[in-house]
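Take a look at this one; I'll ask things after.
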Amino acid sequence: MPYSVFVTVESTQSGRRSRRIAVGTIGLVVFLLAGLGAYAVAYNDRKQDTKYCGHDCVPGLKITTVVEALKGQGHTCADERRSWSCELKVGKVRFEADLFRAGNVVDFYDYISKVEARIINPDSTTAAAGLDYMSWFAALPHRDDPPTVKKVGGWLAEQVGAGEDVTYVLGWEYRLRRNEKTRSIELTMKRRYW
Amino acid sequence: MTAQPGWPYSPDGRFWWDGTAWQPVQTPPPGPPAQQGLTMPPPPGPATGHPSMASPWPQAPGPQAAQLYAVQQTPPYVPPGAGAPSPAPSGVAPRPRRSGTAVFVLVTVGTLIAAPALGGVVGGAVGLATTEPVTDAPAPSFPARFPTGKQRYLPKVTLNMVAVNWLQAANSWRCARFPAPDPLSGAKMGMICRPGDAARLSMSVQIWYDGPDKVLSVKARCDLGVRTKACTNLFSMMADSLLSPDRTLRKQAEAWAGKNADKAAVTAIGGVRLETSPRPHAMEAVPAI
């Protein structure tokens, strides 16, 4: 009898122990899963905050980064406080770009809210360079999305030789205008919410 | 000893507590002994269930009260023969099986609620604290035909090629530098060359440049009149000189300039944009883009 009692008590105690271990294991697994899930959500949220930067500017791309890139291509840039102006003269053709700061959003003051890219005195020999020039600026908000970049580039290629036109791509308004008086063609790109 | 209904049983149901010691059960209990103490309602009376009671004996004669009271006062079950004294001095009653199951369920449910909540808080905090937002991504690469500063200069054209080899050496022209930069082209330096003879007032070649091998534009002007041979020759020689590094292109350029010297025309040959105009009678060479 003592042996059977001992076995019974032992089996009861080991059952409790295994229950505790099971509960502990389940708790640990659930803790880790919830932790990983929350980490992923927080990570994406953090990225998304930057990606859309208040829905008011070109995501994650500082205005000075763009300016430095243009300077590296030989363009001359000047800080106009509310915007940066960059230009390049090649012969009679002038390439001008005004990069406007996101001034109404404090945290994103160093980011671009609007771009005005102009080509003055374009002619038949500048079509290719002019298209690449404007396409580069137009692709800035969607630089990580090749299909959208292609879509914007296709619209530009169609409209460069045509008159005024406007289109909307993923929250951005693109307007292309041709001015006969100043012999210029201008692309304006800015955020739109409708 | 015969088992008494209402007295606590050991967890395995093989012993019952008689108030002083665990006794083996000789007749099987009618049901799971551990359930009896929990299923009964509390007995009436002021002493029922009070934790301060020291006596293990029930105050009320009823079996239900005695049962519940005994459950609370019975020492922990130690099987007889295990060497330990039967009545434990601590006074802690053995927990019935159902109570253990309830605790297990409670602990499990609590764990399932607390673990994800805690994990979520910790994971979220770690995610926010360790994830550095990409606030300054590199600028996208430039397309192949994006206009660059190198395109500001006439390809393969040098100041020496125009001013010295063509104008000064071959035609005895005299050249003078401009002290100020050109606001229109942005060139840092300028030079104007004129013939050494009487035609110096009617013909000129202007050169804008940033350095000896960085020539931005060359412009020839001839006021001797449209369709004059001297003006046509000047424009043809200028085109020939600017495209001199390429034999094929220099002939093509020379021919084009001779043909279009007296009208408004424009072309691009070898990266050089040539444009003629009758009024003023001139031909200008700038980089083609």
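No value in this document is a laboratory result; all are computed from the given coordinates. All values reported here derive from a predicted model rather than from experimental measurement. With ideal geometry, Cβ positions are generated from the backbone for all residues, glycine too; neighbour counts draw on all protein chains shown.
Which length gain, in nm to one decimal place, applies between residue B:233 and residue B:150 when the Cα-Cα distance is subtracted from 0.36 nm times their residue separation?
That pair, residue B:233 and residue B:150, stretches by 26.8 nm at full extension.
Here's another thing I want to ask about it. For a test of the definition: using alpha carbon positions, the gyration tensor, and the 1.5 limit on a/c, classify segment A:95-194 as rounded, prolate or oblate.
prolate
Hey, which aspartates and glutamates would be in cross-link range of residue B:188, C-alpha to C-alpha under 19 Å, not counting anything within fewer than 8 residues on its own chain?
Answer for residue B:188, where 19 Å is the Cα cut-off: A:87, B:210, B:213, B:284, listed by chain and number.
Quick one: Karplus J couplings for segment A:143-160, per residue in order, coefficients 6.51, -1.76, 1.60, θ = phi - 60°, nearest Hz, x for Gly and Pro?
4, 9, 10, x, x, 5, 4, 5, 5, 5, x, x, 5, 4, 4, 6, 8, 4
Cα gyration tensor of segment B:227-274, axes a ≥ b ≥ c as square roots of the eigenvalues: rounded (a/c below 1.5), prolate (a/b > b/c) or oblate?
Note, shape of segment B:227-274 comes out oblate.
Please compute the modelled spin-label separation between residue B:102 and residue A:164, points set 7 Å along Cα→Cβ, answer in nm with one decimal.
8.0 nm
Rounded to whole Hz and in sequence order, give me ³J(HN,Hα) for segment B:151-160 from the Karplus expression 6.51 cos²θ - 1.76 cosθ + 1.60, θ = phi - 60°, writing x for Gly and Pro.
7, 6, 10, 5, x, 6, 9, 10, 4, 4
Can you list the HN-Hα couplings for segment B:212-227, worked out from phi with the Karplus curve (6.51, -1.76, 1.60; θ = phi - 60°), rounded to whole Hz and with x for Gly and Pro?
In residue order, the calculated couplings are x, 10, 10, 9, 8, 7, 10, 10, 9, 10, 9, 9, 7, x, 5, 6 Hz.
Further question: Please work out the FRET efficiency for the pair residue B:226 and residue A:78, using the Cβ-Cβ distance as r and a Förster radius of 25 Å; give the result to the nearest 0.05.
0.05
Could I ask something else about it? For a quick check: sort B:256, B:22 by the number of other beta carbons within 10 angstrom, fewest at the front.
Going from sparsest to densest Cβ surroundings: B:256, B:22.
To continue, here is another question. Tell me which residues come under 5 Å, amide H to amide H, from residue B:15 once H is placed; ignore anything under 5 positions away on its chain.
B:10, B:25
To the nearest 0.05, what FRET efficiency results for residue A:40 and residue A:150 with a Förster distance of 30 Å applied to their C-beta separation?
That gives a FRET efficiency of 0.50.
Cα gyration tensor of segment B:150-252, axes a ≥ b ≥ c as square roots of the eigenvalues: rounded (a/c below 1.5), prolate (a/b > b/c) or oblate?
In terms of gyration-tensor shape, oblate.
Shifting gears a bit: Can you list the lysines whose alpha carbon is less than 26 Å from that of residue A:181, not counting same-chain residues fewer than 8 positions off?
A:89, A:92, A:114, A:190, B:219, B:263
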